[in-house]
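Student: Mind having a look at this structure? Questions to follow.
The values are calculated or read from the model by the stated rules, or taken from the named source; none is laboratory data. The shown structure was predicted, so the numbers you read here are calculated from the model rather than taken from an experiment. Positions of Cβ are generated from backbone atoms using ideal geometry, with glycine treated the same way; all protein chains shown enter the neighbour counts. Calculation scope for accessible area: heavy atoms of the full protein, side chains included, ligands and nucleic acids excluded. Shrake-Rupley method; radii C 1.70, N 1.55, O 1.52, S 1.80 Å.
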Amino acid sequence: MRAVVVNSFGGPDVVEVVETEVPEPGAREVRIKVSAASLNPVDAGVRAGVFGGAGKRIGLGWDVAGTVDAVGVAGSWSVGDEVVALDHGMVKPLGTHAEYVVVDTDAAALAPTTVDAVRAATLPLNALTASQALDRLELTPGDSLLVTGAAGAVGGYAVQLAAHRGISVTGLAREADEAFVRSLGAGRFVGDVADRGFDAVLDAAVLGEPALAGVRDGGRYIGVIPQAEPASVRGVRTGAVEVSADGARLAELVRLVDEGVLTTRVAETFALEDAAKAHARLDGGGVRGRLVLVP
């Protein structure tokens with residue numbers, strides 16, 4: 001099969017498409033024939049060597065939508081099931097940017113029925129990150145939340161999920177994105193952190209201390225890059241979410257897609273052999289929605 005890998009670190013030019021063996025599922029694993037797999041900023045970080053792995057061949061890709069084509073012992077899936085999954089891991093020999101991928105059985109969920117595989121592939125990593133970050137904040141209906149980067153992938157899902165939970169959401173993004181952010185369910189929109197008094201902030205834009213300044217004394221801050229959160233001040237509890245594969249939670253998010261609560265966004269699709277071009281497009285910035293590779 002073909003798979004996207006890096007053998008050295010650098011820019012988009014180090015991205016390669018290689019021929020490799022089709023992986024076999026082990027116990028409690030499932031193999032997915034990939035229909036679509038989105039490209040995320042974490043992939044660019046892996047490509048650049050941010051997470052280590054020098055001297056190794058590293059596969060790229062975390063998100064996948066596709067069809068189960070083989071199951072291991074004690075598998076809970078059947079050949080032919082349409083699924084989405086998160087293949088978690090920074091440094092691994094193969095990722096989802098391939099024609100086939102093997103994941104744990106409990107990392108997958110049935111795919112949405114209201115969107116195609118390309119759109120479904122944009123869900124797992126970003127929606128799970130947003131959902132698990134909100135869990136860490138322990139908010140209740142009526143609490144106030146500031147979401148930075150509210151027009152982005154994680155921030156957009158966070159706005160929609162928080163509004164669905166009855167939380168009072170303020171979205172922070174560029175002024176040109178105000179109408180879009182409000183359409184996601186944000187009751188208020190801001191272009192900078194001018195207020196202090198939010199019960200919590202979900203810092204999807206990785207602003208750090210400026211975002212922390214918007215939280216009331218004794219409030220909560222959650223970032224999206226592990227170990228990169230600012231130090232606690234004024235009694236504000238700080239932390240960062242480290243996303244984990246969770247098929248049960250992913251199934252809940254799929255249900256919200258099918259109910260129209262969550263909106264999937266695709267910026268552009270690329271053939272698998274054009275993975276380097278997709279990386280160059282990501283590095284160019286200004287992408288709204290996800291870039292998706294289609295084998």
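Student: A228 label point, 7 Å along Cα→Cβ, cut-off 11 Å on backbone N: hits in region 166-205?
Tutor: 204-205
Student: Taking only DSSP H segments of four or more residues, each worth -39500 (n - 2.57), what value at 222 nm results for the chain once the sum is divided by all its residues, to the nearest 500 deg cm²/dmol?
Tutor: After summing the helix terms and dividing by residue count, I get -6500 deg cm²/dmol.
Student: At a 1.4 Å probe radius, carbon and sulfur cover how many percent of the accessible area of the chain?
Tutor: Carbon and sulfur: 49 percent of the exposed surface of the chain.
Student: Which one, V5, G219, Y157, projects farthest toward the positive side of the charge dipole computed for the chain from Cβ point charges (K/R +1, D/E -1)?
Tutor: It is G219.
Student: Which of rounded, prolate, oblate describes region 228-289, given a ≥ b ≥ c as roots of the alpha-carbon gyration tensor eigenvalues and a/c under 1.5 marking rounded, otherwise prolate only if a/b is larger than b/c?
Tutor: oblate
Student: If you plug each phi of region 14-24 into the Karplus form 6.51 cos²θ - 1.76 cosθ + 1.60 with θ = phi - 60°, what whole-Hz ³J(HN,Hα) values come out, in order, with x for Gly and Pro?
Tutor: 8, 6, 10, 10, 10, 8, 8, 6, 5, x, 9
Student: In addition: Report the calculated FRET efficiency for A74 and E138 (r = Cβ-Cβ distance, R0 = 51 Å), to the nearest 0.05.
Tutor: Here the calculated transfer efficiency is 0.90.
Student: Accessible area per residue of the chain at 1.4 Å probe, in Å²?
Tutor: 41 Å²
Student: Which percent of the Cα-Cα distances in region 34-189 go past 27 Å?
Tutor: Of all Cα-Cα pairs in region 34-189, 35 percent lie more than 27 Å apart.
Student: Something else about it: Using the Cα gyration tensor of region 161-265, with a ≥ b ≥ c the square roots of its eigenvalues, what is the shape: rounded (a/c below 1.5), prolate (a/b larger than b/c) or oblate (neither)?
Tutor: oblate
Student: What is the local net charge at L137, summed over the other residues whose Cβ is closer than 14 Å to its Cβ (Lys, Arg +1; Asp, Glu -1)? Could you put the intermediate results ahead of the total?
Tutor: Working: positive: R136, R165, R216, R220, R237; negative: D135, E138, D143, D199, D203, E229.
Net of charged neighbours comes to -1.
Student: Can you list the DSSP H helices in the chain whose Cα atoms extend at least 15 Å along the helix axis and whose mean Kyte-Doolittle hydropathy is 0.5 or higher?
Tutor: Going by DSSP H runs, the hits are 153-164, 247-258.
Student: Still on this structure: On the principal axes of its Cα set, how long, how wide and how thick is the chain? Give whole Å, largest value first.
Tutor: Principal extents (Cα only, largest first): 55, 38, 33 Å.
Student: What fraction of the Cα pairs in region 1-48, stated in percent, has a spacing above 14 angstrom?
Tutor: When all Cα pairs of region 1-48 are counted, 62 percent exceed 14 Å.
Student: How high is the relative contact order of the chain, given as a whole-number percent (alpha carbon pairs under 8 Å, six or more residues apart)?
Tutor: That works out to 19 percent.
Student: How much FRET efficiency would the formula 1/(1 + (r/R0)^6) give for E24 and A251, where r is the Cβ-Cβ distance and R0 is 30 Å, rounded to 0.05? Walk me through the numbers on the way to the answer.
Tutor: Working: r = 26 Å, r/R0 = 0.85.
Once rounded, the FRET efficiency stands at 0.70.
Student: I've got another one for you. Run the numbers for F51 and R2: contour at 0.36 nm per residue of separation, minus the present Cα-Cα distance, in nm.
Tutor: Full-extension gain reported as 15.3 nm.
Student: Given Cα positions, please report Rg to Rh for region 132-179, the hydrodynamic radius being the Kirkwood one.
Tutor: 0.96
Student: Given the options G66, G285, G95, state which has the largest fluctuation in a GNM of the chain using a 10 Å cut-off (strictly under) for Cα springs.
Tutor: Ranking G66, G285, G95 by mean-square fluctuation puts G285 first.
Student: Looking at G61, A74, M90, which one has the Cα that reaches farthest to the positive end of the dipole of region 47-90 (charges on Cβ: Lys, Arg +1; Asp, Glu -1)?
Tutor: It is M90, whose Cα lies furthest towards the positive end.
Student: Among E21, E259, E178, whose mean-square fluctuation peaks in a Gaussian network model of the chain (Cα, cutoff 10 Å)?
Tutor: In the Gaussian network model the winner is E21.
Student: Hey, got the dipole for the chain? About the Cα centre, +1 on K and R Cβ, -1 on D and E Cβ, debye to the nearest 20?
Tutor: Its charge dipole is roughly 480 debye.
Student: Quick check: from the Cα gyration tensor, does region 37-126 come out rounded (a/c under 1.5), prolate or oblate? Walk me through the numbers on the way to the answer.
Tutor: Details: a/c = 2.61, a/b = 1.54, b/c = 1.70.
In terms of gyration-tensor shape, oblate.
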